[in-house]
Amino acid sequence: MGLLMPTAAVANVTDISMELIRELEIDAILLDVDNTLAPPTSHIPYEGVQEWIRMLKENDIAVVICSNNYHKRVKPFSDSVGLECVAMSLKPFPFGFNRAKKKLKEKPQSVLVVGDQIYTDVLGANLAGMKSVLLVPRDEEHGWSIWLRRKMEVNVRKKIKIRGNG
């Protein structure tokens, strides 16, 4: 179960406080897009995301979007929030995490992966030697692969305690 367990879990990305980031000794963050920063397929971030990203930058936390989605989905979104991106990252395999880490010039143990899926974001972070924060999915996604991953996550999520507000 260890590879499937996140370092921490919160409800929403904006619940990740600077206090938590400091507690985890984080210098850089890799962010998923769908159900993390915005509804699936939307180019409009969830409420508070722009301000949260600004807070990270003001505190010298480097941020890159790391998504399994296609470049044509990820790049326009990353541009809209002022971040670099790695698309088609092939999570949970470490390839995309390593590409993003090179952009950040950070050691794996000081990088935090944030996303809503255990079998892509959390497993991938653990395989890459990075820390992770698991989010609660906010919107329904469609497709057989996401349906299967969500079914597989049920028992693991029951073991994870969600932290309140950071």
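The values are calculated or read from the model by the stated rules, or taken from the named source; none is laboratory data. Quantities reported herein were computed from a predicted structural model and do not represent experimental measurements. Methodologically, a virtual Cβ is constructed for each residue, glycine included, from the backbone with ideal geometry; neighbour enumeration extends over all protein chains shown. Remember, those area values only see protein heavy atoms, side chains included, never the ligands or the DNA or RNA. Shrake-Rupley method; radii C 1.70, N 1.55, O 1.52, S 1.80 Å.
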inquiry  = Regarding region 101-109, can at least one residue be identified that is over 15 Å from Ile26 (Cβ atoms) and either open to solvent by 30 Å² or more (accessible area, probe 1.4 Å) or within 17 Å of the chain's Cα centre (by Cα) (or both)?
reply    = yes
ask   = Which numbered condition trips up Leu112, out of (1) more than 12 Å from the chain's Cα centre (by Cα); (2) closer than 17 Å to Val33 by Cβ?
value = (1)
note = Quick count over region 36-63, residues being touching a strand residue (DSSP E or B) at 6+ places or on another chain (Cβ under 8 Å) and in a loop (DSSP other than H, G, I, E, B), is 8
task = May I ask you to say which residue of Asn68, Asn98 is in a helix (DSSP H, G or I), in contact with a helix residue (DSSP H, G or I) (Cβ under 9 Å, 6 or more places away or on another chain) and either under 18 Å from Gly129 (Cβ atoms) or at pLDDT below 95 (or both)?
result = Asn98
inquiry  = Condition first: over 22 Å from Tyr119 (Cα atoms), of a type in the set (Asp, Glu) and either at pLDDT below 95 or surrounded by 15 or more Cβ atoms within 10 Å (Cβ to Cβ) (or both). Now tell me which residues in region 1-43 satisfy that.
reply    = Asp27
